[in-house]
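Novice: Take a look at the following structure, please.
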Amino acid sequence: MALTRWRAFHDPLDDVNRLQEQMSRLFSRLGANDRAAAPAYPSLNLWQDGDYIYVESELPGLKLGDLEIVVTGGNQLSIKGHREPALPDNAVWHRQERGYGDFSRLVRLPIDVDADHVAATLKNGVLTIKLPKHAEAKPRKIAVTGG
Amino acid sequence: MPEPTTQDQPLADPVKQQAQADLATPEPMYGGAVFAPQVDILEMEDELTLLADMPGVDLDGVDIHFENSELTLYGRAARRDEGVEFIHREYGVGNFHRAFTIGPSIDSSKISAQLSDGVLTVHLPKTEAVKPRRIEVTAGY
């Protein structure tokens, strides 16, 4: 029987672990094949087409106003946010699996992007960031002429 | 280990999780990967509240069933990972499914739910018999 970790009360050690994770994920580098071994939050999926890079993350319960998304240096994407815990008065926890609190992640994109035209949408708890590729990073069709 | 009979279940444990794989088990109803959503369960004076993270699921994609003391949550997420050129992947996209056995202290006819920003909130009101009650004390002579 597969059991999910059961925790009746907030474990203070979790804050320590969370901090360690946050430290270790600073400047984590994204590459084609380095499927993250260390847990980093939030998890990210990246894909691209000719003109854009798309970064997606599952952030249920958050609004865009809870997030701070910054692109610096042409290719460094920072996502910071906060999720409020559900803590009604006089509540007893029977199960607590959902994470909450502050999080941040800084990743290096594989291609330079135009930081002035980044668009982010958050729908049904899924964040999608659309980053236009820098003109010099776009694929270009090279005309071949006969010699 | 045999499950205790429902009559013996203390109120402190009215919701029991059924055996569910954490990740990616085949789910015949919708096809594709299926994930067990992360949940919080809180007990208050008059109800239990269950919160389940179901990112990517909209109102049309939610199914909640209650049958034979079993509460089943389904969330169908639109496929967002098909036909795209991934550079980097850290998570899979799929549907959500999880089931719980509800004890007799919950009034199943009054279960209600909301979905907001990918979080499903299920309200499980307690039956009148188990709600805490204030006992009026009158002076005796």
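The values are calculated or read from the model by the stated rules, or taken from the named source; none is laboratory data. Quantities reported herein were computed from a predicted structural model and do not represent experimental measurements. As a convention, Cβ positions derive from the backbone with ideal geometry for all residues, glycine included, and neighbour counts pool all protein chains shown.
Novice: Within segment B:42-55, take every residue that is at the interface with chain A (Cβ under 8 Å from one of its Cβ atoms) and part of a loop (DSSP other than H, G, I, E, B) and give me the one that is nearest to the chain's Cα centre (by Cα).
Specialist: Here the residue is B:Met54.
Novice: So which strands (runs of 3 or more DSSP E) are wholly in segment B:56-119 and hold at least 2 residues that are β-branched (Val, Ile, Thr)?
Specialist: B:57-67, B:95-102
Novice: Next up: May I ask you to say which residue of B:His123, B:His65 is exposed (fewer than 14 other Cβ atoms within 10 Å of the Cβ) and either at the interface with chain A (Cβ under 7 Å from one of its Cβ atoms) or at pLDDT 85 or above (or both)?
Specialist: Of B:His123, B:His65, the one residue that is exposed (fewer than 14 other Cβ atoms within 10 Å of the Cβ) and either at the interface with chain A (Cβ under 7 Å from one of its Cβ atoms) or at pLDDT 85 or above (or both) is B:His65.
Novice: OK, next. Output the residues belonging to segment A:38-52 that are part of a strand (DSSP E or B), under 18 Å from B:Gly92 (Cα atoms) and touching a Leu at 6+ places or on another chain (Cβ under 8 Å).
Specialist: A:Leu46, the sole residue that qualifies.
Novice: What do you reckon, is B:Val93 over 30 Å from A:Val55 (Cβ atoms) and at pLDDT below 95?
Specialist: The answer is no for B:Val93.
Novice: Which of the residues spanning segment A:82-99 are surrounded by fewer than 13 Cβ atoms within 10 Å (Cβ to Cβ) and small (Gly, Ala, Ser)?
Specialist: Correct list: empty.
Novice: On to the next question. Give A:Pro85, A:Pro132 a once-over and let me know the one that is facing chain B (nearest Cβ under 10 Å) and either of a type in the set (S, T, N, Q) or out of contact with any Ser or Thr (no Cβ under 9 Å at 6 or more places or on another chain) (or both).
Specialist: Among A:Pro85, A:Pro132, only A:Pro85 is facing chain B (nearest Cβ under 10 Å) and either of a type in the set (S, T, N, Q) or out of contact with any Ser or Thr (no Cβ under 9 Å at 6 or more places or on another chain) (or both).
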